[in-house]
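First the structure, in the form of structure tokens, and then the observations on it.
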Amino acid sequence: MVLALGHLDAELDGEQGELAAYARTHGLVHLPPDFTADSDLSPLKAGEPVLVRGSGSPSST
């Protein structure tokens, strides 16, 4: 069995860079792709709505 996690400490790609720039411009928080358990969630305020994208991968059989 092989578990390939990729290289998450890389620079943001074009789409992630655009999302980060949009967040900065509009006073929002953008957290780049990361291992969920390792993500620093301290910039998020309690009770604020959030959008989570890509929190899993499709399963294949």
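The values are calculated or read from the model by the stated rules, or taken from the named source; none is laboratory data. The structure displayed is predicted, hence computed values, not measured ones. As a convention, Cβ positions derive from the backbone with ideal geometry for all residues, glycine included, and neighbour counts pool all protein chains shown.
Data for the structure
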item: Residue check, LEU51 touching an Asp or Glu at 6+ places or on another chain (Cβ under 8 Å) and modelled with pLDDT under 90; result: no
item: All positions within the stretch 21-40 that are aliphatic (A, V, I, L, M) and at pLDDT below 90; result: LEU31, ALA37
item: Flag for LEU12 being modelled with pLDDT under 80 and either surrounded by 10 or more Cβ atoms within 10 Å (Cβ to Cβ) or part of a helix (DSSP H, G or I) (or both); result: yes
